[in-house]
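Here's the structure we're looking at; comments come further down.
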Amino acid sequence: MADAVAPCHAALNSGLRRHGDAAPAVEQALALAGLIELSVGLEKPELVPDWGARLKALPLTAQEREQVRHTIAEPTLLGPWLPGTN
């Protein structure tokens, strides 16, 4: 599984580094949620707290938080960083 997921993780990470500051908060949140999920899948949990802290700091509406939760397979991974996620 890691072989299939690693390129996605690298692409999201690269895109966020290059364009994240200019992207709307919800787009940053979508990328960060993906990075959190992929980091867990790649067995790199040490990366998750940094991604999570960035996600938590974004000013998102309730609708945007719901959108972010629905973009990943396991939304409970976002619980500590996305209000309303259990």
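The values are calculated or read from the model by the stated rules, or taken from the named source; none is laboratory data. Just so it is clear, the model here is predicted, and its values are computed rather than measured. A quick note on method: Cβ atoms are made from the backbone with ideal geometry, for glycine too, and the neighbour counts reach across all protein chains shown. The area values use the complete protein model at the heavy-atom level, side chains included, leaving out ligands, DNA and RNA. Shrake-Rupley method; radii C 1.70, N 1.55, O 1.52, S 1.80 Å.
Observations on the model:
- Within the range 1-43, restricting attention to residues that are touching a residue at least 24 places away in the same chain (Cβ under 8 Å) and of a type outside the set (A, V, I, L, M, F, W, C), the residue that is most open to solvent (accessible area, probe 1.4 Å) is GLU43.
- Of the residues GLN63, GLN67, the single one that is part of a helix (DSSP H, G or I), surrounded by fewer than 16 Cβ atoms within 10 Å (Cβ to Cβ) and either among the charged types (D, E, K, R) or free of Cβ contacts under 8 Å to residues at least 40 places away in the same chain (or both) is GLN63.
- Reported count of residues in the range 45-60, each being free of Cβ contacts under 8 Å to residues at least 24 places away in the same chain and open to solvent by 60 Å² or more (accessible area, probe 1.4 Å), is 5.
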